[in-house]
1. So, with a 1.4 angstrom probe, what is the percent of accessible area on the range 313-461 that is carbon and sulfur?
2. Using R₀ = 22 Å, calculate the FRET efficiency as 1/(1 + (r/R₀)^6) where r is the Cβ-Cβ separation of Asn60 and Ala445; round to 0.05.
3. Between Tyr327 and Ala355, what is the label-point separation in nm under the 7 Å Cα-to-beta-carbon projection?
4. Once you have the Cα-Cα distance between Ser181 and Asp267, take 0.36 nm times their residue separation minus that, and quote the gain in nm to one decimal.
5. Return the lysines within reach of Lys66: Cα separation strictly under 27 angstrom, same-chain partners fewer than 8 residues apart disregarded; answer none if there are no such residues.
6. Ignoring everything except DSSP H segments at least 4 long, calculate the 222 nm mean residue ellipticity for the chain; use -39,500 (n - 2.57) per segment, divide by total residues, nearest 500.
7. May I ask you to give the solvent-accessible area per residue for the chain, in square angstrom, as obtained with a 1.4 angstrom probe?
8. Per residue of the range 395-409, what does 6.51 cos²θ - 1.76 cosθ + 1.60 with θ = phi - 60° give for ³J(HN,Hα)? Whole Hz please, x for Gly and Pro, Karplus curve as stated.
Amino acid sequence: MTQRNTALAIAALKDLLGDRLSTGESIREIHGRDEAYSEPALPDAVAFPESTDEVSAIVNTCVQHKVPVVPFGIGTSLEGHVIPTHGGISVDTSRMNKILEVHESDLDAVVQPGVSRTQLNEALRATGLMFTVDPGADATLGGMAATRASGTNTVRYGTMRENVLALEVVLPDGTVIETGSRARKSSAGYDLTHLFVGSEGTLGIITRLTVRLFGQPDTILAATCGFETVDDAVNSVIMAIQMGIPMARIELLDEVQMKGMNNFNPDLNLPEKPHLFLEFHGSETGVKEQVELFQGISEEFGVSGFEWATKAEDRSRLWTARHNAYYAGKSLRKGCESVVTDCCVPISALADCIARTKELIAEAGMIAPIVGHVGDGNFHLLILFEPNDPEELVRAKALASDVNRIALSFGGTVTGEHGVGTGKKKYMVEEHGAAYALMATLKRAVDPENIMNPGKTVDIN
């Protein structure tokens with residue numbers, strides 16, 4: 001890419017989009033970073049398309065001039081996915097935010113990529129249906145599909161991988177394709193839908209999604225409970241899952257995170273020891289049985305302080321506090337920045353993996369609260385550091401690296417939820433071996449000019 005090529009592309013896109021192409025510094029700065037600590041980089045311009053045809057025209061223009069294209073949802077990613085490390089055009093899909101179809105009988109909906117998860121659920125409220133993938137942030141569904149997002153409901157309802165039925169995608173040459181269908185299964189050819197789910201914008205731009213819906217449960221019951229050790233909390237979850245209790249949410253917060261939760265949410269006022277945040281869905285009778293079974297199991301591991309939330313406003317308060325865990329963790333150290341990492345291991349290895357992680361945190365002398373979707377073996381580390389102390393940043397990154405490699409040693413993955421982006425790319429060979437080379441082969445085949453989000457997930461230069 002040369003400055004001349006970029007200037008020509010911007011001029012052509014200005015003719016196409018008018019004032020929906022911005023080169024203003026403040027807009028470019030917003031699109032040059034994400035939620036976590038990553039080195040920012042500004043795009044040369046930001047495009048705001050309103051249709052698939054416009055996305056296709058943008059991509060076609062960029063490939064002609066060999067200018068990078070970086071899809072942008074709402075910027076809530078945590079591994080530098082949306083940062084335009086090679087410059088180029090940031091394609092912001094926020095104006096493509098229409099709910100196109102809701103098929104109540106078939107339990108699916110067709111949406112544009114800029115629709116957020118809360119927007120969809122608000123529109124579904126009167127239908128008795130719900131979209132279940134909940135990563136915490138009010139992310140766009142296009143971004144959630146691109147990063148293969150999951151979240152607090154995954155243990156019961158699955159990740160975006162299980163909840164995306166079909167896609168419309170603009171390829172790196174501007175071609176528009178459709179993958180999958182509204183049918184619940186197919187044996188017709190390669191599974192292209194799931195090639196793009198999790199591709200992080202490196203293979204194309206998602207412009208329409210068909211997503212799976214579920215019926216809203218008759219009864220929802222949430223609870224918190226405390227344990228003396230993280231091991232006790234995790235082992236109670238392992239036994240509950242092995243017994244087949246269909247819990248909807250099972251969140252672990254260690255004692256350090258609980259201190260932050262009380263700091264950030266003064267009305268929470270829970271004991272500062274490891275806690276589980278739980279939610280049960282089903283019929284009134286079914287939920288009662290689930291609760292009784294889990295209470296019996298957890299008593300074997302020294303549970304204490306069960307607090308129940310049956311009213312919608314109490315459940316909302318509890319899960320809002322959990323979704324704000326990032327900010328609660330940061331409240332433990334005034335003025336800090338954070339290195340965020342996540343990993344996922346087989347659930348039988350989770351207690352040992354977390355125990356080893358806590359040993360490493362102590363050895364590093366860092367403050368690093370742990371939260372986790374323990375029902376599926378996924379946990380997150382928020383490593384706090386002084387932004388003006390380069391040595392602390394080095395230690396924080398080293399700790400994150402050690403935790404990732406511990407996860408691999410337990411047969412896990414370096415990211416169960418956050419994705420690869422730039423932050424986890426250096427671990428890909430270690431995790432995937434020869435299969436990582438196949439990813440590069442696929443990238444070259446689909447994007448030979450390497451214009452789609454270059455520098456992320458896999459390198460082909």
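1. Carbon-and-sulfur percentage of accessible area, whole number: 54.
2. 0.75
3. So the two model labels end up 3.6 nm from each other.
4. Numbers: separation 86, 0.36 × 86 = 30.96 nm, distance 4.67 nm.
Taking Ser181 through Asp267 to full extension adds about 26.3 nm, to one decimal.
5. Here the lysines satisfying the reach criterion relative to Lys66 are Lys14, Lys424, Lys425, Lys426, Lys443, Lys456.
6. Calculated from helices alone, the mean residue ellipticity at 222 nm is -11000 deg cm²/dmol.
7. 42
8. Karplus values, whole Hz, x for Gly and Pro: 5, 5, 5, 5, 5, 4, 4, 4, 5, 4, 6, 4, 4, 4, 5.
The values are calculated or read from the model by the stated rules, or taken from the named source; none is laboratory data. These figures come from a predicted structure and were not determined experimentally. Cβ atoms come from the backbone with ideal geometry, glycine included; neighbour counts cover every protein chain shown. For accessibility, only protein heavy atoms count, side chains too; no ligands or nucleic acids. Shrake-Rupley method; radii C 1.70, N 1.55, O 1.52, S 1.80 Å.
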